[in-house]
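Heads up: the structure comes next, in structure tokens.
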Amino acid sequence: MRHLIPTASAVVLVLTAAAGPATAQGSAQHDMAMMEATDVAGKHLTVTPHWPVQPGDSARADSIVEVNEAALAKYGDVAVAEADGFKMFAPKVKKQKVYHYTRRMNAIKARWTFDATAPTSLLYAPQPDGTVRLIGAMYTTPPNFTLAQLDARIPLSIAQWHQHTSICLPPGADVEAGLTTRDPRFGPRGSISTEEACRAAGGTFKTRMAGWMVHVNMFEAPDQVWEHKH
């Protein structure tokens, strides 16, 4: 079996391209999903709960991994990924534990359908010699997806989807600047986690930074395939 119940981990990079257009119905769905989700990884990260294993969950998860391995192995050479339109997200953020190479068209496609061969991002781990090694892929959905909709894409008994939430960006800063700030109050690791405190500090409060995300580390050891590595 290629799957494992993942553990929650610290805040990772923000991907704004994954968020879809907001609607009244979508907002209600999002609020429902957020109420059902469990924040177990700190003030800025919301993750989905583990659902009971249902018949077919294991086979479905294993099939996604197998499709991934076959379709994405060519991106072991990061130059091939770049030639296909994947671009490093937040290149100004140095010494990242995992680099996200994102293809915007895949993020847009993911708003409407799930294609295991077209992840929003490819995940690369930096190596001691300065190169990067392909470890997996990240898939996204709109932020208003319910838990049932997330489960339909990748079983919640196997994987944990996550969102980056309650983040205060520095005054006048964009997302990438918020990632690089040295002010301990701001960004995805910042001390500020409420709109009131963010407004008092002159920042821009984001209830959520993007849609739901999930990592599939199909090029890692079997016991790490469904682990959120950040």
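Which FRET efficiency, nearest 0.05, do Val93 and Thr207 yield, Cβ-Cβ r, R0 25 Å? Approximately 0.65, to the nearest 0.05.
Over segment 57-145, average the accessible area per residue using a 1.4 Å probe and give it in Å², no decimals. List each step's numbers first, then the result.
On the way: 4240 Å² over 89 residues.
Roughly 48 Å² per residue, with all protein chains present.
Listed by chain and number, the aspartates and glutamates placed with their C-alpha closer than 14 angstrom to that of Lys94 are Glu176; residues fewer than eight positions away on the same chain are left out.
For the ranges 47-60, 123-136, what's the packing order if you count other beta-carbon atoms within 10 Å of each residue, average per peptide, and put the highest first?
Working: 47-60: 13.9, 123-136: 15.5.
Per-residue mean Cβ counts within 10 Å order the peptides as 123-136, 47-60.
Here Lys109 is the anchor, and the lysines within straight C-alpha reach of less than 28 Å, apart from those fewer than 8 places off in the same chain, are Lys74, Lys87, Lys92, Lys97, Lys206, Lys229.
Taking amide H positions as modeled 1.01 Å from N, with prolines and chain starts lacking one, no residue 5 or more places away or on another chain lies under 5 Å from Gly190. For the pair Lys74 and Arg133 in one chain, pulling the backbone fully straight at 0.36 nm per residue adds 20.0 nm over the alpha carbon distance. Working from Cα pairs under 8 Å separated by at least six residues, relative contact order for segment 146-230 is 32 percent. Each label was represented as a point 7 Å from its Cα along the Cα-to-Cβ direction; for Glu195 and Thr180 these points are 3.0 nm apart.
The values are calculated or read from the model by the stated rules, or taken from the named source; none is laboratory data. None of these values were measured; they are calculated from a predicted model. When we count neighbours, we look across all protein chains shown, and the Cβ atoms used for this are built from the backbone with ideal geometry, even at glycine. What goes into the accessible areas is simple: the full protein's heavy atoms, side chains included, and nothing from ligands, DNA or RNA. Shrake-Rupley method; radii C 1.70, N 1.55, O 1.52, S 1.80 Å.
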